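The structure under discussion appears below in the form of structure tokens.
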Amino acid sequence: MVGILNKIHSTPSDAVPPLLDSVRPILRSCHDTGAAIAALIPPNQFWRWKDMWTNSLRTAVYSAALVEYLSSGSLITLSQTSEVLGIKEEWVDKFSIAVEDYLHGLITLANELSRLAVNAVTLGDYEAPIRISVFVKNLFAGFSMLNLKNDTLRRRFDSLKYDLKKIEEVVYDVSLRKLAEPSKGQHIDGN
């Protein structure tokens, strides 16, 4: 799934929708895996077994978030992510997406979008870095409101600052060279 999504860095923007269509069935296949895990875990044992699938689930969250962003330009919510991955509410005590895993997936999304901002320019899409900049600034603003302790999520949040800086440099270069139309009145909230 991630391997297919990595192709966005060398794919022109008009060829991205078919690429996303090839990823959606893989995301839907997570329904069966989730159901199998939920059937194996005894009730009220979520936190005991959670670490066994954390990395895979974070990758799936990231993939669902990237597909949503590339499709609609918007952020996927935790409940939408659960729906896309086929994780049912009644499994909450056995198998679900922990908020921390969702947030890790969103940070991975921002990491990948900073790469995409650079690669989009090399493919001739000069507007993409501006859209990505607005999106990642909004994401950063949301993360800034959280009181993160000194753990892995906090360290990953710190990486978000560097990604934002990288995107801003790309937007600066595109703007300086007048390769994209100036965004009139487009603020951090996207208006």
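Between segment 1-79 and segment 94-134, the alpha-carbon centres lie 14 Å apart.
For the chain, calculate the relative contact order in percent as a whole number, restricting contacts to Cα pairs under 8 Å that are 6 or more residues apart. Dividing the mean separation by the residue count of the chain yields 22 percent.
Rounded to the nearest 10 degrees, the angle from helix 16-28 to the longest Cα principal axis of the chain is 10 degrees. Between the exposed loop cleavage positions of the chain, defined as trypsin sites (Lys or Arg not before Pro) in a non-H, G, I, E, B DSSP state with at most 14 neighbouring beta-carbon atoms within 10 angstrom, the longest gap is 1-148.
Adding -39500 (n - 2.57) for every DSSP H run of four residues or longer, then dividing by how many residues the chain holds, sets the calculated 222 nm ellipticity at -21000 deg cm²/dmol.
Against the chain, whose longest principal axis comes from its Cα atoms, helix 99-122 is set at around 30 degrees.
Given R₀ = 30 Å, FRET efficiency for residue 13-residue 165 by Cβ-Cβ distance, to 0.05? Between residue 13 and residue 165 the formula returns 0.80.
Rolling a 1.4 Å probe over the protein heavy atoms leaves residue 123 with an accessible area of roughly 80 Å². Compute the long axis of helix 128-144 from its Cα atoms, compare it with the longest principal axis of the Cα atoms of the chain, and write down the angle in degrees, 0 to 90, nearest 10. The angle comes out near 50 degrees.
Checking (i) 33, 19, 17; (ii) 28, 25, 18; (iii) 32, 19, 13 against the coordinates, the calculated semi-axes √(5λ) of the Cα gyration tensor in Å falls under label (iii).
The values are calculated or read from the model by the stated rules, or taken from the named source; none is laboratory data. Quick caveat: nothing in here was measured; it's all calculated off a predicted structure. As a convention, Cβ positions derive from the backbone with ideal geometry for all residues, glycine included, and neighbour counts pool all protein chains shown. Heads up: the accessible areas ignore ligands, DNA and RNA and are worked out on the full protein's heavy atoms, side chains in. Shrake-Rupley method; radii C 1.70, N 1.55, O 1.52, S 1.80 Å.
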